[in-house]
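The values are calculated or read from the model by the stated rules, or taken from the named source; none is laboratory data. It should be emphasised that the depicted structure is a prediction, and the values quoted were computed from it without experimental measurement. Note: ideal-geometry Cβ built from the backbone for every residue, glycine included; neighbour counts use all protein chains shown.
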Amino acid sequence: MTTTQLTPNGQAPGSSPEPDDHAGTRQSALGLGRRQVVEALPAALRKLNPLELVRTPVMLVVEIGAVVTTVLSVGDPSTLGVMVTVWLWLTVLFGTYAEAVAEGRGKAQAASLRALQAETDARRRLKDGSHELVPSTSLRAGDVVLVEAGERIPGDGEVIEGVASVDESAVTGESAPVIRESGGDRSAVTGGTVVLSDRILVRISSDPGSSFVDRMIALVEGSQRQRTPNEIALDVLLGSLTIIFGVVVASLYFVADYSDAHQSVLVLVALLVCLIPTTIGALLSAIGIAGMDRLVRRNVLAMSGRAVEAAGDVDVLLLDKTGTITYGNRRATELLAVGGVEQAALERAALLSSLADETPEGRSIVELVRATTPTLADADAPAGAALVEFSAATRMSGLDAPGLELRKGAASAVQAWVREHGGVVPSDLDAVVGAVSEQGGTPLVVAEREAEGRARVLGVIHLADVVKDGIAERFAELRAMGIRTVMITGDNAVTARVIAERAGVDDVLAEATPEDKLALIRQEQRGGRMVAMCGDGTNDAPALAQADVGVAMNTGTVAAKEAGNMVDLDSDPTKLIEVVEIGKQLLITRGALTTFSVANDVAKYFAILPAMFVPAFPQLDVLNVMRLSSPGSAIVSAVVFNALVIIALIPLALRGVRYRPAAAADLLRRNLLVYGVGGLIAPFVGIKLLDLVVSLLPGL
Amino acid sequence: MSQTLPALGQIAVLVVALAVAVPFLGRLLAHVYTSERHWRVESAAYRVLRLDPDADQHWRVYALSVLAFSMVGVFAVYAIARLQPHLPASIGMASFPADGAWNTAVSFVTNTNWQWYSGESAAGNLLQASGLAVQNFVSAAVGLCVAAALARGLARQRAGGRVGNFWADLTRTCVRVLLPGAFVAALVLVALGVVQNLAGARTITTLDGGSQSLPGGPIASQEAIKQLGTNGGGPYNANSAHPFENPTPLSDLFAVFLMLVLPFAMAWAFGLIVRDRRQGGVVIAVMTALLGTSIGLLTWAEMAGHGTAPQLAGAAMEGKEVRFGEAASALFAAATTGTSTGAVNATHDSLTAAGGGLAMFNMMLGEIAPGGTGSGLYGMLMLAVVTVFIAGLMVGRTPEYLGKKIGQREMMLVAGYVLATPVLVLAGIAVAITAKDGLAGLQESGPHGLSEALYAVTSASNNNGSAFGGLTSGTPFWNTLLGLLMLFGRFLPIVLVLALAGRFAAARTLPAGPGTLPTHRPLFAVLLGGVALVLVGLTYVPVLSLGPIAEALS
């Protein structure tokens, strides 16, 4: 499929919304401000409560181990005992701390979201049509409130009467006010936004505490975070590894006894903690919370962690053509003279007829002519010219000046106008018009009539859908990741096909009705594929609900937002791609840290087993490949490494591992090399270095 | 003469023979487990037994059928062993003690074939033929059936948890695969010099005038299914070291071939059943790599002959047959522990410490290289699911294997499977070396004594059945303990595998694309082998380090 795209002659298309540079996120993730670091401490300590730790069984085992070694060390203090005990407690603490930091970052997000929830007075309409003043927090779904200019909208809802311009910058960061009106697809309003002009009646759509901002706050704060299906499955794996190692260590107690190599409970607990997957166990929930957080930073509110996970699994992306694949408006790309008319005459007419035309198409014609023909750069409309506005009835627009009438518009309408004014339609017009249509463009025919003379056709303006810069490359990336893109458009099949080819999408649904969309989603799902789409209209709601990942535009209707499982506050349909990437990054981070955690165990055996058994079996000293200085320091070094690696990986857990779109096999190879092989090697180095320091302690 | 050349030669012959036989048998097995047609003799059997061979069983029904069938087998063997003197064809053998009968019944039904008794002096012909030999066939068949059910579960979608019909699978496995296979194998064995008669012991006068009783019997026919069905329980106590059972290096090599052929062929069949031969190829590749490494290391350990006795003697020949030598003994040891056969042509107790440790490690792998008939495949597939779960996340999708999502339920079943055997082994060893009755059975003390006990519990829990020697296991303590380990080590995993097969069969199959983790590439094979080694290594290295490792390094 071709990926060449036409750009307007001589004019570079505006910059396309590139994905956020991840650097911004990275910096804030690493640069955990000092405040965040300190503020997370009390929360981390609170989370040591065993009742809270039950949620992460691996860490609960560590805590129980820490309690056991504490008791043992109090009864029989030794350097080894004290060191192991302290570092076991630190291991638990680092785990809870990771979660607390992730939640803290979420809390910062939540605070800004919560600012929207500030209590205001609301004018609730009573049955008799009068209004009463009530606090916004007492509003229930179904209540109708009156909001006037300068007032804050008290809750999420739908405009049922009136039209107003609303400042939504608090939610979207976009400063330009937007129009909200009853009926149609622009009826949804968000609590906390401000009405700038006019007055509207709003029907509140959610009870206090259950608006999606509320739900989002709960999710990013982690307080009500439900574990996602994949997280639970991973917990099962981690749990079974913990049980296996528990049995290994318990049986070792007896086997060691038999072998006259008696092991103290303290050492066995240390071994157990080093073997069970503490790294991933400690960081698992932080990874999940941070994933949600990354979405919020991109102004996407997810209704559940499950949705984020599902995003990673998406096989098919349904993308609306307009605004996602092409710029929202058509642009003039070439001027085609017909009937022997000079190009210059056509250009001049096209320019003059468009000068006063404020539509994006009109502006693009002016830009095109000025860019290609510098001599016309400062041509101006003749004096006394009046704009003839486009109307659905005439399907033409133009200019009436003394002694000159210009028209441009749909081919049939302009031809009719020319004939009406005594002109003849040149024979080659049909062919040119047809050619433009075939290329997926919209032909605008330009005609003029001088001083009551005969009208004549000058030529055709080729208005084309311009495919966004870089979008073809993005689709190629998606294809490499195994994601199929389907373009949804209302255009006819021929036009749609042309644009689809230019943008490099895999498939196209032309002349699409909402029902077609829904049917397509169902069909894909029957084939076992996961579908993501975005939409804003009420008629998109069923499809949004049916899709596995449905991203509703914030500008959309309440129905659409209720149906989707994410809301994009920026209402940028391109963001669907980023949502998928965040989902994948979340899963990769989980897998990478699990692999790293398990791979670490190999080195720990080489540290601890010789330490345990060399006194009884001196020949096992060959296993001490790191040449650790003493059994005591070997055990302490392994325990300390095990704890420190959690802290070291917190930034990675919060930021997510580096993700570049690639085929599964390539991703696997790279991540396996970094986290699998790296996980094998890193602890050998780390434990050896720690041993050099730890061995200086007296009594080890 | 250099021993390296024959050592490599026997492996080359083996590889060629397997390369020819495995695809052929694989196609046969795949056909057996997918064909709709019944043979006339099978239909007759179904009519007599009033079974509906076309009923597609839910996994629970399938599992219950397996359990019920096996329990009947346990009771039957138990009864025959106990009542032996009162039954015909006992050739004068006494009744088994209760614990011994229990151990033997479980042992043969679970395809373990651990033998605490010596066959020629304890088991009469009725027990051998209608108890043990029958189980040699059907216990091998059960393993294949369960593997077929899992393969079918993966191949189906939205089948409501239905995984096939156990009775049809069992009948077909016996009628179409094991009986003809064993028949041909027995003929070959007879041609190679294995004894086959129905006479009892023959008393002869030896050269120096003494008299000796030479036990005969239907040895070749027993031997054929003993090896082909990865059973390992032979008619003679000396097992495949006995010259009547395994007379020549050629019959020895053929015996190794028989052990390996069905486990590999089932992996081939798996690829055919799931309609992607490459998936079977990966399983075979990993099995081959693990087995090949183990053969190489074991042969090296034996031929290098570290240790006091071998160095004094010039070769590690103690406990080995001079007919076979070190290399063939090492090959046999690796194959018999890599499969769940457990037949031996040398005393594993007398392997070098490293060699004995390797044999143990083979079993600890969970009998996946290439494992027992069928059980090797399903063991490997369970590990493949674990591998997919860990590695799958690293490609940015929730894990799936052959288009089946691995969610919480699937993971619980796999986790249970992965947990079951190690827990049995480690709990078993803890009990064995703590209890006075357990310690009483050990011949040696120190690391070698630990190895004896560890070998026994590992062999029982993994349904291998080979014995280290040195352990006096015919005591109520050991018979009971090992019986329990064999029983749970066999049927706990089987039920979990069938439950997983049911879940897979009920789930839909997601189409594969460039975004899904490819499970047919070399990288996945490396990963699967790595996961198997790391998981097993992490589980058993501590206890191994106090047994064979400590001994080998001393």
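Mind checking which residues of region A:359-396 are among the hydrophobic types (A, V, I, L, M, F, W, C), more than 14 Å from A:LYS408 (Cβ to Cβ), under 44 Å from the mean Cα position of the chain (by Cα) and surrounded by 12 or more Cβ atoms within 10 Å (Cβ to Cβ)? Working first, answer last.
Within region A:359-396, the first condition is being among the hydrophobic types (A, V, I, L, M, F, W, C), and the residues that meet it are A:365-366, A:368-369, A:371, A:376-377, A:379, A:381, A:383, A:385-388, A:390, A:392-393, A:396.
Still in the list and also more than 14 Å from A:LYS408 (Cβ to Cβ): A:371, A:376-377, A:379, A:381, A:383, A:385-386, A:392-393.
Pick out the ones that are also under 44 Å from the mean Cα position of the chain (by Cα) and you get A:371, A:377, A:392-393.
Residue satisfying the conditions is A:ALA371 alone.
Which of the residues belonging to region B:239-251 are touching a Ser or Thr at 6+ places or on another chain (Cβ under 9 Å) and free of Cβ contacts under 8 Å to residues at least 60 places away in the same chain?
Within region B:239-251, B:GLU245 is the sole residue that qualifies.
Looking at A:LEU126, A:LEU60, which is the one that is surrounded by fewer than 24 Cβ atoms within 10 Å (Cβ to Cβ) and more than 30 Å from A:VAL178 (Cα to Cα)? Walk me through how you get there before you give the answer.
On the way: A:LEU126 fails: more than 30 Å from A:VAL178 (Cα to Cα).
Going through A:LEU126, A:LEU60 in turn, just one is surrounded by fewer than 24 Cβ atoms within 10 Å (Cβ to Cβ) and more than 30 Å from A:VAL178 (Cα to Cα): A:LEU60.
Given A:MET292, A:MET303, which one is away from chain B (no Cβ under 14 Å) and within 21 Å of A:LEU649 (Cα to Cα)?
Details: A:MET303 fails: within 21 Å of A:LEU649 (Cα to Cα).
After ruling out the rest, the residue left standing is A:MET292.
Only residues that are more than 21 Å from B:ARG40 (Cα to Cα) and part of a helix (DSSP H, G or I): list them for region B:156-197, please. Can you show your working first?
We begin by selecting, within region B:156-197, every residue more than 21 Å from B:ARG40 (Cα to Cα); these are B:156-163, B:184-197.
Residues satisfying the conditions are B:VAL184, B:ALA185, B:ALA186, B:LEU187, B:VAL188, B:LEU189, B:VAL190, B:ALA191.
When region A:307-359 is examined, which residues are found to be closer than 22 Å to A:LYS468 by Cβ and in a helix (DSSP H, G or I)? Explain how you work it out, then say what you get.
From region A:307-359, those closer than 22 Å to A:LYS468 by Cβ are A:311, A:314, A:316-334, A:359; that's our starting set.
Selection gives A:ALA311 alone.
Determine which single condition A:VAL622 fails, assuming it passes every other condition in (1) part of a helix (DSSP H, G or I); (2) crowded, with 19+ Cβ neighbours inside 10 Å; (3) within 14 Å of another protein chain (Cβ to nearest Cβ).
Status for A:VAL622: all satisfied but (2).
Residues in region A:258-276: is at least one within 8 Å of another protein chain (Cβ to nearest Cβ) and without any contact (Cβ under 8 Å) to a residue 12 or more places away in the chain?
Within region A:258-276, one or more residues are within 8 Å of another protein chain (Cβ to nearest Cβ) and without any contact (Cβ under 8 Å) to a residue 12 or more places away in the chain.
Identify, from the list B:ALA105, B:ALA81, the residue that is assigned to a helix (DSSP H, G or I), over 22 Å from the mean Cα position of the chain (by Cα) and buried (at least 22 other Cβ atoms within 10 Å of the Cβ). Let's see the steps before the verdict.
Details: B:ALA105 fails: over 22 Å from the mean Cα position of the chain (by Cα).
Only one candidate qualifies: B:ALA81.
Checking the condition within 10 Å of chain A (Cβ to nearest Cβ) and of a type in the set (S, T, N, Q), which residue from B:THR398, B:THR387 passes?
B:THR398
For region B:311-399, give me every one of the helices (runs of 4 or more DSSP H) that falls completely inside it and has 3 or more residues that are closer than 18 Å to B:LEU298 by Cβ and modelled with pLDDT under 95. If you could, list the steps in order and put the result at the bottom.
Values: elements: B:325-338, B:353-364, B:375-392.
Passing ranges, in order: B:325-338, B:353-364.
Can you name every residue in region B:282-305 that is under 19 Å from B:THR4 (Cβ atoms) and either touching a Cys at 6+ places or on another chain (Cβ under 8 Å) or polar (S, T, N, Q) (or both)?
Quick first cut of region B:282-305, residues under 19 Å from B:THR4 (Cβ atoms) only: B:292-305.
Passing the criteria: B:THR293, B:SER294, B:THR299.
Based on this model, can you work out whether B:LEU485 counts as within 14 Å of chain A (Cβ to nearest Cβ), touching a Ser or Thr at 6+ places or on another chain (Cβ under 6 Å), assigned to a helix (DSSP H, G or I) and under 18 Å from B:LEU424 (Cα atoms)? Don't jump to the end; show me each part of the working.
Working: within 14 Å of chain A (Cβ to nearest Cβ): yes; touching a Ser or Thr at 6+ places or on another chain (Cβ under 6 Å): yes; assigned to a helix (DSSP H, G or I): yes; under 18 Å from B:LEU424 (Cα atoms): yes.
Yes; evaluated as a whole, the condition is true for this residue.
For region B:432-442, how many residues are surrounded by fewer than 17 Cβ atoms within 10 Å (Cβ to Cβ), touching a residue at least 40 places away in the same chain (Cβ under 8 Å) and either over 12 Å from A:TYR258 (Cβ atoms) or touching a Gly at 6+ places or on another chain (Cβ under 7 Å) (or both)? Spell out how you get there, then give the answer.
Residues of region B:432-442 surrounded by fewer than 17 Cβ atoms within 10 Å (Cβ to Cβ): B:434-437, B:439-440.
Next cut, touching a residue at least 40 places away in the same chain (Cβ under 8 Å) only: B:435, B:437.
Add one more test, that the residue is either over 12 Å from A:TYR258 (Cβ atoms) or touching a Gly at 6+ places or on another chain (Cβ under 7 Å) (or both), and what stays is B:437.
Of the residues in region B:432-442, 1 are surrounded by fewer than 17 Cβ atoms within 10 Å (Cβ to Cβ), touching a residue at least 40 places away in the same chain (Cβ under 8 Å) and either over 12 Å from A:TYR258 (Cβ atoms) or touching a Gly at 6+ places or on another chain (Cβ under 7 Å) (or both).
Taking only region A:511-533 into account, find how many residues are modelled with pLDDT under 85 and either more than 14 Å from chain B (Cβ to nearest Cβ) or closer than 12 Å to A:MET487 by Cα (or both). Step through it out loud before you land on a result.
First, the residues of region A:511-533 that are modelled with pLDDT under 85: A:511-515, A:527-528.
Keeping just the survivors that are either more than 14 Å from chain B (Cβ to nearest Cβ) or closer than 12 Å to A:MET487 by Cα (or both) gives A:511-515.
So the answer is 5.
What about B:ARG397, is it surrounded by 24 or more Cβ atoms within 10 Å (Cβ to Cβ), farther than 29 Å from B:ALA467 by Cα and more than 22 Å from the chain's Cα centre (by Cα)?
Details: surrounded by 24 or more Cβ atoms within 10 Å (Cβ to Cβ): yes; farther than 29 Å from B:ALA467 by Cα: yes; more than 22 Å from the chain's Cα centre (by Cα): yes.
Here the answer is yes, as B:ARG397 does meet what is asked.
Consider only pairs whose beta carbons are under 7 Å apart and that are at least six residues apart or on different chains; among these, list those whose first residue lies in region B:535-554 and is within 7 Å of chain A (Cβ to nearest Cβ) and whose second residue is part of a loop (DSSP other than H, G, I, E, B) and modelled with pLDDT of 90 or more.
B:LEU546/A:SER259; B:LEU546/A:ALA261; B:ALA550/A:PHE617
Scan region B:459-478 and tell me whether some residue there is more than 20 Å from B:SER118 (Cβ to Cβ), within 13 Å of chain A (Cβ to nearest Cβ) and of a type in the set (Gly, Ala, Ser).
Yes, that holds for at least one residue.
Report the residue count in region A:642-679 for those that are in contact (Cβ under 8 Å) with a residue 40 or more places away in the chain, buried (at least 19 other Cβ atoms within 10 Å of the Cβ) and assigned to a helix (DSSP H, G or I).
So the answer is 17.
Report whether or not A:ASP568 is buried (at least 23 other Cβ atoms within 10 Å of the Cβ), more than 14 Å from every other protein chain (Cβ to nearest Cβ), within 30 Å of A:THR322 (Cα to Cα) and under 18 Å from the mean Cα position of the chain (by Cα). Show your work before the answer.
Values: buried (at least 23 other Cβ atoms within 10 Å of the Cβ): yes; more than 14 Å from every other protein chain (Cβ to nearest Cβ): yes; within 30 Å of A:THR322 (Cα to Cα): yes; under 18 Å from the mean Cα position of the chain (by Cα): yes.
The answer is yes for A:ASP568.
Please verify whether region B:252-272 includes one or more residues that are without any contact (Cβ under 8 Å) to a residue 40 or more places away in the chain and surrounded by fewer than 24 Cβ atoms within 10 Å (Cβ to Cβ). First the steps, then the outcome.
Filtering region B:252-272 down to residues without any contact (Cβ under 8 Å) to a residue 40 or more places away in the chain leaves none.
Among the residues of region B:252-272, not one is without any contact (Cβ under 8 Å) to a residue 40 or more places away in the chain and surrounded by fewer than 24 Cβ atoms within 10 Å (Cβ to Cβ), which makes the answer no.
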